[in-house]
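Here the structure is laid out as structure tokens; the discussion comes afterwards.
The values are calculated or read from the model by the stated rules, or taken from the named source; none is laboratory data. What you see is a predicted model, and the numbers here were worked out from it, not measured in a lab. In this analysis, Cβ positions are derived from the backbone assuming ideal geometry, glycine residues included, and neighbour counts consider all displayed protein chains.
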Amino acid sequence: MTALTLSTAAAPGLRADAIVIGVAKGSGPKATGPVVAPGAEAVDKAYDGKLAGVLETLGASGAEGEVTKLPAPAGFKAPLVVAVGLGAAPEKDAEYDGEALRKAAGVAARALAGSKKAAFALPLNDAGDIGAVAEGVLLGAYSFDAYKDNGKNASARKNGKAPLAEAALLGGKPRDKEHKAAVERATAVVEELNRARDLVNTPPNDLTPESFAAIATAAGKEHGIKVQVLDEKALTKGGYGGILGVGSGSAAGPRLVKLSYTHAKADKHLALVGKGITYDSGGISLKPAGHNETMKCDMSGAAAVFAAVVAAARLGLEVNITGWLALAENMPSGSAVRPGDVLRMYSGKTVEVLNTDAEGRLVLADALWAASQEKPDAIVDVATLTGAMVLALGNRTFAVMGNDDAFRTAVLEAAEEVGEASWPMPLPEHLRKGMDSPTADIANMGERMGGGLVAGLFLREFVGEGITWAHLDIAGPAFNEGGPFGYTPKGGTGSAVRTLVRLAELTAAGDLG
Ligand code: BES
Ligand code: MN
Ligand code: ZN
């Protein structure tokens, strides 16, 4: 990952490949062209205070995502200035918001791939801004090269240039405790988030339930997290019919991984549950071509939970967190579960499988029930659960459902705080009867309309009585099939990791649950 430093040095004397500055869209009745954001004063001064005009001449508007490169003024050690768009300038006396800074830093980091060192001269008012820019740089500089050129020859990377090696954040004070803590937090969270992206991007012939469990076990050892892996034998003994049923078609058997992070001073317990389908072919209800090419991403929920638990451990948060990874590969075969089969779930309920492609709710049901047995203060599950939610909210926003409106709101607010787009969704009672089964307690499918809410209602049946629960459907934002934008790369995005870490922090602080 990119090395981050805090620097009080003045921009002109800095030895770097580039100086990054912010440019915003002027607002208000008088403002017309782009405005130079605070932090770039030294650069502006060297341009005789005419930098805004220079940028306008070069076609810059200050729009989000925009990159304008110009030669550094005489007397600067760095040869290049990179002006990155911040979007609309804040109202008079207001500050740039963290997400605008995070995105701009990510865009700049991507534009500077191949460079050794860049100095970021963006508007940094407090430790929060430093954390946001640090996150943006580390998130934007991500690249996944493990399968390019065998990952061995870095100079011949076929994914393009090597990520930016070093970023100095100007205006950050290396001796300020809060500034240092902001960089450390950003580093821990994004390192784990980027690991979640790696897991999502790893092809399903290499990332199986077994190999995922082994990776979790190794990480647990490294970070003092207790890891228990239930293999097929243990799952059978325990009666985990949902996970076993979904995994039964694959040569790569299912696993349930339990990660326990505990803190001696903790008085709250948060449980996180992730859908970990390492590949979703649909099973016997096979997905048509065009719908399965990206289904390695169907373990994004489990990757997010894994990353969040490890990040919480690295941050030493005063909260107990149990992460549950429900891992299986959904494949068609002679041993696969059939439409019409009835599974006996870990909770004891029976489920008629009407569509083997509605597999996520089956593995989650067992993991939710297992999580419930410990009576945590709250459970949050994360899943690439339904195409319906992608249709409803698009590719950049995840849905939040749950059995407690206040908790659902708390999750939405946590997401907003860290710059993740999310939206509340209801669990309408009338949709429950669509899942009535003549044979079993419930079917794994209901009405087509509102399919994402039907899935949420199914999950609710497997949450223990009286336990606060929220469900995040990240099917849209988990995997970016388009080009990179802001700090989001193509492929696995690490959706929900930052929201989960924030929830853990809020729980630790006693501000939640
Ligand atoms: N993994 C898919 C959902 C999905 C779709 C994730 C698109 C990411 C992008 C899930 O297992 C699935 O197949 N859901 C079905 C449910 C249906 C059969 C009730 C769906 O949404 O079509
Ligand atoms: Mn499916
Ligand atoms: Zn799926």
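Annotations for the structure displayed:
- Yes/no for Val200 being within 16 Å of ligand 3 (Cβ to nearest atom) and within 21 Å of Arg502 (Cα to Cα): no
- Filter result (assigned to a loop (DSSP other than H, G, I, E, B), more than 13 Å from ligand 1 (Cβ to nearest atom) and either closer than 20 Å to Val380 by Cα or in contact with a strand residue (DSSP E or B) (Cβ under 6 Å, 6 or more places away or on another chain) (or both)) within the range 484-501: Lys490, Gly494, Ala496
- Any chance Gly172 is surrounded by 20 or more Cβ atoms within 10 Å (Cβ to Cβ), at pLDDT below 95 and assigned to a loop (DSSP other than H, G, I, E, B): yes
One line per residue, one yes/no per condition, for (1) under 23 Å from Ala271 (Cα atoms); (2) within 16 Å of ligand 3 (Cβ to nearest atom):
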residue: Pro424; (1), (2): yes, no
residue: Ser437; (1), (2): no, no
residue: Leu453; (1), (2): yes, no
residue: Leu472; (1), (2): yes, yes
residue: Gly482; (1), (2): no, no
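- Some residue of the range 493-513 being touching a helix residue (DSSP H, G or I) at 6+ places or on another chain (Cβ under 7 Å), modelled with pLDDT under 95 and either away from ligand 3 (no atom under 16 Å from the Cβ) or outside the structural domain of Asp404 (by TED's automatic domain parsing) (or both): yes
- Filter result (in contact (Cβ under 8 Å) with a residue 60 or more places away in the chain, buried (at least 20 other Cβ atoms within 10 Å of the Cβ) and not in a helix (DSSP H, G or I)) within the range 205-250: Leu207, Thr208, Ile225, Tyr240, Ser248, Gly249, Ser250
- With respect to (1) surrounded by fewer than 23 Cβ atoms within 10 Å (Cβ to Cβ); (2) of a type outside the set (A, V, I, L, M); (3) in contact with a Pro (Cβ under 6 Å, 6 or more places away or on another chain), the lone exception for Thr68 is condition (3).
- Taking the conditions (1) surrounded by 21 or more Cβ atoms within 10 Å (Cβ to Cβ); (2) within 16 Å of ligand 3 (Cβ to nearest atom) in turn, Leu259 satisfies each one other than (2).
- The condition of being crowded, with 23+ Cβ neighbours inside 10 Å, of a type outside the set (Val, Ile, Thr), in contact with a Lys or Arg (Cβ under 9 Å, 6 or more places away or on another chain) and assigned by TED's automatic domain parsing to the domain that holds Asp381 holds for only one of Pro489, Pro424, Pro484, that being Pro489.
- Test: Ser437 is buried (at least 20 other Cβ atoms within 10 Å of the Cβ), assigned to a loop (DSSP other than H, G, I, E, B), in contact (Cβ under 8 Å) with a residue 24 or more places away in the chain and polar (S, T, N, Q): no
- Residue within the range 382-389 that is surrounded by 18 or more Cβ atoms within 10 Å (Cβ to Cβ) and part of a helix (DSSP H, G or I) present: yes
- In the range 285-299, the residues that are more than 19 Å from Ala336 (Cα to Cα) and modelled with pLDDT of 95 or more form Cβ pairs under 7 Å with partners that are among the small types (Gly, Ala, Ser) and near ligand 1 (Cβ under 10 Å from one of its atoms), at six or more places apart or across chains, as follows: Cys297/Ala478.
- The combined condition, being in the same structural domain as Gly253 (by TED's automatic domain parsing), among the small types (Gly, Ala, Ser) and away from ligand 1 (no atom under 15 Å from the Cβ), is fulfilled by Ser347.
- Screening the candidates Asp366, Asp357 for the property of being near ligand 1 (Cβ under 10 Å from one of its atoms), among the acidic types (Asp, Glu), within 27 Å of the chain's Cα centre (by Cα) and assigned by TED's automatic domain parsing to the domain that holds Gly452 yields one hit, Asp357.
- Candidate set from the range 356-410 (those that are touching a Pro at 6+ places or on another chain (Cβ under 7 Å) and not hydrophobic (A, V, I, L, M, F, W, C)); member that is nearest to ligand 3 (Cβ to nearest atom): Thr356
- Hits in the range 435-483 (condition: on the phi > 0 side of the Ramachandran plot and within 12 Å of ligand 1 (Cβ to nearest atom)): Gly450
- Qualifying residue in the range 26-40 (condition: surrounded by fewer than 16 Cβ atoms within 10 Å (Cβ to Cβ), among the polar types (S, T, N, Q) and modelled with pLDDT under 95): yes
- Within the set Ala119, Ala113, Ala109, Ala63, the sole residue that is under 17 Å from Gly486 (Cβ atoms), hydrophobic (A, V, I, L, M, F, W, C) and not in a loop (DSSP other than H, G, I, E, B) turns out to be Ala109.
- Filter result for Glu465 (over 22 Å from the mean Cα position of the chain (by Cα), in the same structural domain as Ser347 (by TED's automatic domain parsing), assigned to a loop (DSSP other than H, G, I, E, B) and at pLDDT 95 or above): yes
- Elements of type strands (runs of 3 or more DSSP E) contained in the range 309-360, each with 3 or more residues being among the aliphatic types (A, V, I, L, M), surrounded by 24 or more Cβ atoms within 10 Å (Cβ to Cβ) and within 15 Å of ligand 2 (Cβ to nearest atom): 320-330
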